[in-house]
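Undergrad: Got a structure for you, written out below as structure tokens; questions coming shortly.
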Amino acid sequence: MIDLSVRIKNLKFETPFLNASGVWCTTENEIDEILKSEAGGVVFKTMTLEKRVGNPEPRLYVTDDFSINSMGLPNLGVDYYCQIASKLKKYQKPLIASFAGFKEKEFYILAEKIDNADFDGLEVNLSCPNLEGKGIFAYDLDLSFKILKNLKKITKKVIGVKLPPYNDRETIKKIAEKFLQLKIDFVTLINSYPLGAFIDTKNERLVIKPNQGIGGLGGRVLKPISLAQVILFHKFSQGKIDIIGVGGVETGDDVYQYILAGAKLVGVGTRLLKGPKIFSNLKKQLEKIFREKKINKIEDKLGQLKDY
Ligand code: DHB
């Protein structure tokens, strides 16, 4: 019997598939559709204290190979998401709140609100690339560690962190070691590569408008970058912090690669723009791989890359 279920602490996911925050998870209707699909749970659109319309359009460009976005955190505000969480509990799938502050203090106010609502877990978004004039929190390690230490005092719920890509092993090692100390339950690796651009030669302009046409790069091209982050984080955390792998997940084979790299779950971003039907395809494809390889459960293959 193939069992695709996985756990992060006390949270049980019947399948290892989630949406990547930002895609198909801004309105109650979208979240409802994810929960009705073969996804094992849902991560909400990154919520802020106030509702936001986001950046001017065009702000998203998608091809088969990649996507570039500079959405600018359009969302309906934390109070809206806290309110709908109680209605969405009926699906009995983990509800994870993604949130981001513009200032340190906002992270704490948001976390208190989320802690008091019917969410099962929190994903602290320290890696939004699209806020004009603002750096990415996760590239300031001391500030990030301080925020997370304080958040751990505010909530006892399952807590994870969404990180951007890093360029050196030492930084990933430092973060993994600190997260073990802070008792972070999971990491989501990775957010979009922060600086992506593409030019439409016919019109001789960049394909998106905000932020000088430069936005977060996602999709298929992200997978080799993300796999390396997962492999290193899994190694440096000694497999003790659960990983949600995000970046270029399109097929069961992609999911299997992430499992071997050390990710227990995967998040689907760019490819989910075509709709939540992807989750039933991923399930069928991953089950086929497991059948052929005679694998019963994900944990048997987690981080089990062979040596040369
Ligand atoms: C947005 C993009 C991100 O990659 C993210 O983590 C949060 C928000 C956005 O532009 O809306």
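Undergrad: Out of segment 32-80, which residues are aromatic (Phe, Trp, Tyr) and either touching a Pro at 6+ places or on another chain (Cβ under 6 Å) or more than 20 Å from GLY275 (Cα to Cα) (or both)? If you could, list the steps in order and put the result at the bottom.
TA: The first filter runs over segment 32-80 and keeps only residues aromatic (Phe, Trp, Tyr), leaving 44, 61, 66, 80.
Hit for segment 32-80 is TYR80, nothing else.
Undergrad: Just name the residue that is surrounded by the fewest Cβ atoms within 10 Å (Cβ to Cβ) out of those in segment 90-131 that are among the basic types (Lys, Arg) and over 15 Å from CYS25 (Cα atoms). Spell out the reasoning first.
TA: Step one: filter segment 90-131 for residues among the basic types (Lys, Arg), giving 90, 93, 103, 105, 113.
Retained after the next criterion (residues that are over 15 Å from CYS25 (Cα atoms)): 90, 103, 105, 113.
Details: LYS90: 8, LYS103: 10, LYS105: 11, LYS113: 18.
Applying the filter and picking the extreme gives LYS90.
Undergrad: Across segment 59-77, what is the total count of residues that are of a type in the set (A, V, I, L, M) and over 27 Å from LYS113 (Cα atoms)?
TA: Number satisfying all stated conditions: 3.
Undergrad: Please work out which residue is nearest to SER5 (Cα to Cα), limiting yourself to segment 280-308 and to residues that are part of a helix (DSSP H, G or I) and touching a strand residue (DSSP E or B) at 6+ places or on another chain (Cβ under 6 Å). Show your work before the answer.
TA: We begin by selecting, within segment 280-308, every residue part of a helix (DSSP H, G or I); these are 280-293, 298-300.
With touching a strand residue (DSSP E or B) at 6+ places or on another chain (Cβ under 6 Å) added as a condition, the list becomes 282, 298.
Numbers: LEU282: 14, ILE298: 8 Å.
That would be ILE298.
Undergrad: Can you find, within segment 59-68, the residue that is nearest to the ligand (Cβ to nearest atom) among those that are assigned to a loop (DSSP other than H, G, I, E, B) and surrounded by 17 or more Cβ atoms within 10 Å (Cβ to Cβ)?
TA: ARG59
Undergrad: Further, regarding this structure: Please state which one of ILE190, ILE154, ILE147 is within 25 Å of GLY248 (Cα to Cα) and either at pLDDT 95 or above or of a type in the set (Phe, Trp, Tyr) (or both).
TA: Details: ILE154 fails: within 25 Å of GLY248 (Cα to Cα); ILE147 fails: within 25 Å of GLY248 (Cα to Cα).
The match here is ILE190.
Undergrad: While we're on this one: Kindly provide the set of residues from segment 16-54 that are touching a strand residue (DSSP E or B) at 6+ places or on another chain (Cβ under 8 Å), under 19 Å from ILE244 (Cα atoms), assigned to a loop (DSSP other than H, G, I, E, B) and more than 11 Å from the ligand (Cβ to nearest atom), ordered by number.
TA: Across segment 16-54, the qualifying residues are PRO16, CYS25, GLU38, ALA39, GLY40, GLY41, PHE44.
Undergrad: Take ILE172 and decide whether it is crowded, with 17+ Cβ neighbours inside 10 Å, touching a residue at least 24 places away in the same chain (Cβ under 8 Å) and not in a helix (DSSP H, G or I). Don't jump to the end; show me each part of the working.
TA: Values: crowded, with 17+ Cβ neighbours inside 10 Å: yes; touching a residue at least 24 places away in the same chain (Cβ under 8 Å): yes; not in a helix (DSSP H, G or I): no.
In short, no.
Undergrad: Any residue at all in segment 220-229 that's small (Gly, Ala, Ser) and under 19 Å from SER192 (Cβ atoms)?
TA: Checked against the condition, which is being small (Gly, Ala, Ser) and under 19 Å from SER192 (Cβ atoms), segment 220-229 yields at least one hit.
Undergrad: Further, regarding this structure: Could you check how many residues of segment 33-58 are among the charged types (D, E, K, R) and either over 24 Å from LYS113 (Cα atoms) or within 16 Å of the chain's Cα centre (by Cα) (or both)?
TA: 5
Undergrad: Can I ask one more? Out of the residues in segment 1-15 meeting the condition of being out of contact with any helix residue (DSSP H, G or I) (no Cβ under 7 Å at 6 or more places or on another chain) and either assigned to a loop (DSSP other than H, G, I, E, B) or acidic (Asp, Glu) (or both), tell me which one is farthest from ILE259 (Cα to Cα). If you could, list the steps in order and put the result at the bottom.
TA: Pass one, segment 1-15, residues out of contact with any helix residue (DSSP H, G or I) (no Cβ under 7 Å at 6 or more places or on another chain): 1, 3, 5, 7-14.
Now restrict to residues that are either assigned to a loop (DSSP other than H, G, I, E, B) or acidic (Asp, Glu) (or both): 1, 3, 5, 9-10, 14.
Values: MET1: 19, ASP3: 14, SER5: 13, LYS9: 18, ASN10: 20, GLU14: 16 Å.
Out of the qualifying residues, it is ASN10.
Undergrad: Are any residues in segment 260-300 among the hydrophobic types (A, V, I, L, M, F, W, C), within 12 Å of PHE17 (Cβ to Cβ) and in contact with a Gly (Cβ under 9 Å, 6 or more places away or on another chain), and if so, which ones? Write out each step before concluding.
TA: Narrowing segment 260-300 to residues among the hydrophobic types (A, V, I, L, M, F, W, C): 260-261, 263, 265-266, 268, 272-273, 278-279, 282, 286, 289-290, 295, 298.
Now restrict to residues that are within 12 Å of PHE17 (Cβ to Cβ): 263, 265-266, 268, 272, 278-279, 282, 286, 298.
Passing the criteria: ALA263, LEU265, VAL266, PHE279, LEU282, LEU286.
Undergrad: Still on this structure: Is it the case that ILE278 is of a type in the set (A, V, I, L, M, F, W, C) and either modelled with pLDDT under 95 or farther than 27 Å from VAL62 by Cα (or both)?
TA: No: the conditions fail for ILE278.
The values are calculated or read from the model by the stated rules, or taken from the named source; none is laboratory data. What you see is a predicted model; the values in this text were computed from it and never measured. A quick note on method: Cβ atoms are made from the backbone with ideal geometry, for glycine too, and the neighbour counts reach across all protein chains shown.
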